[in-house]
1. Could you please tell me which pairs satisfy a Cβ distance under 8 Å, a separation of 6+ or placement on different chains, a first residue in segment 159-187 that is closer than 18 Å to Pro146 by Cβ, and a second residue that is among the polar types (S, T, N, Q) and assigned to a strand (DSSP E or B)?
2. Could you identify the single residue in Val36, Val86 that is at pLDDT 95 or above and of a type in the set (Val, Ile, Thr)?
3. With the checklist (1) closer than 17 Å to Val52 by Cβ; (2) within 13 Å of the chain's Cα centre (by Cα) in hand, flag the one item Thr164 doesn't pass.
4. Restricting attention to segment 47-67, does a residue exist that is surrounded by 15 or more Cβ atoms within 10 Å (Cβ to Cβ), out of contact with any helix residue (DSSP H, G or I) (no Cβ under 8 Å at 6 or more places or on another chain) and over 30 Å from Pro176 (Cβ atoms)?
5. From the list Phe14, Phe65, Phe103, pick out the single residue that is within 16 Å of Tyr133 (Cβ to Cβ) and in contact with a strand residue (DSSP E or B) (Cβ under 8 Å, 6 or more places away or on another chain).
6. Could you give me the residue pairs with C-beta distances under 9 Å whose first residue belongs to segment 1-20 and is over 17 Å from Gly32 (Cβ atoms), whose second residue is assigned to a helix (DSSP H, G or I) and at pLDDT 90 or above wherever it lies, and which are 6+ apart or on separate chains?
7. Does at least one position in segment 130-138 carry a residue that is over 16 Å from the mean Cα position of the chain (by Cα), free of Cβ contacts under 8 Å to residues at least 12 places away in the same chain and either surrounded by fewer than 21 Cβ atoms within 10 Å (Cβ to Cβ) or closer than 16 Å to Ala49 by Cα (or both)?
8. Can you tell me which residue in segment 16-46 is nearest to the chain's Cα centre (by Cα), limited to those that are assigned to a helix (DSSP H, G or I) and buried (at least 18 other Cβ atoms within 10 Å of the Cβ)?
Amino acid sequence: MTHLPEKRMSSAEFVEFLAQTDIDPKLLERFGGYVVEIEYTAPYYSAMAVNVLVAIRNHADTLLFWITGSGGGYDVTEWDTFAPDVACLLKSRCPQIPEESFFPIAPDFAAEIIAPGDWENPKRYLSERMKAYTTAQVRLLWLVYPQRQEIEIYAHGAYLKTATLEDILDGGDVLPGFTLAAKMIFE
């Protein structure tokens, strides 16, 4: 593991740190203002994210949304910068896509593929991440659990339900009319 700064950083300080470090920026996020290193996951998990991204991309009006994969960072809260596996942000909330930093606000939709080896303490990681997404009132959040083949669904920071392979997911008020068979994520 690489040596990371121990001081709490604002988003601007984090961007400056990323410009000066030799660490791949795709491997870093900010939790509570502290830089944390994330690990690459197996292609199996990335493929699930692509399944969600492609389905949304095929449905959503790209004139209305920015759609990003795991390389798109968002300042979810003042002290948290994440790169969700898949995210959508209304262009009306952020008309310009940042070229050299992060989106300055939380996405409207985020999907996170929960891989078991992502973190040393997955429960703490997930708890901190959920706290940030809840604080930001992300309009729609899917937590995809490959081992359980379930998707936890949250809307506006509140738990809605857990979907299984037999369920049809929908885009709620974020992606009206969008549906996706849950089993398609895992194929």
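The values are calculated or read from the model by the stated rules, or taken from the named source; none is laboratory data. The model shown is predicted, which means the values in this text are computed figures rather than measured ones. Quick reminder, even Gly has a Cβ in these numbers, built from the backbone with ideal geometry, and neighbours come from all protein chains shown.
1. What qualifies is Leu169/Thr179.
2. Sole residue among the options that is at pLDDT 95 or above and of a type in the set (Val, Ile, Thr): Val86.
3. (2)
4. no
5. Phe103
6. none
7. Within segment 130-138 (the criterion being over 16 Å from the mean Cα position of the chain (by Cα), free of Cβ contacts under 8 Å to residues at least 12 places away in the same chain and either surrounded by fewer than 21 Cβ atoms within 10 Å (Cβ to Cβ) or closer than 16 Å to Ala49 by Cα (or both)), the answer is no, since none of the residues qualifies.
8. Per the stated criteria, the residue is Tyr45.
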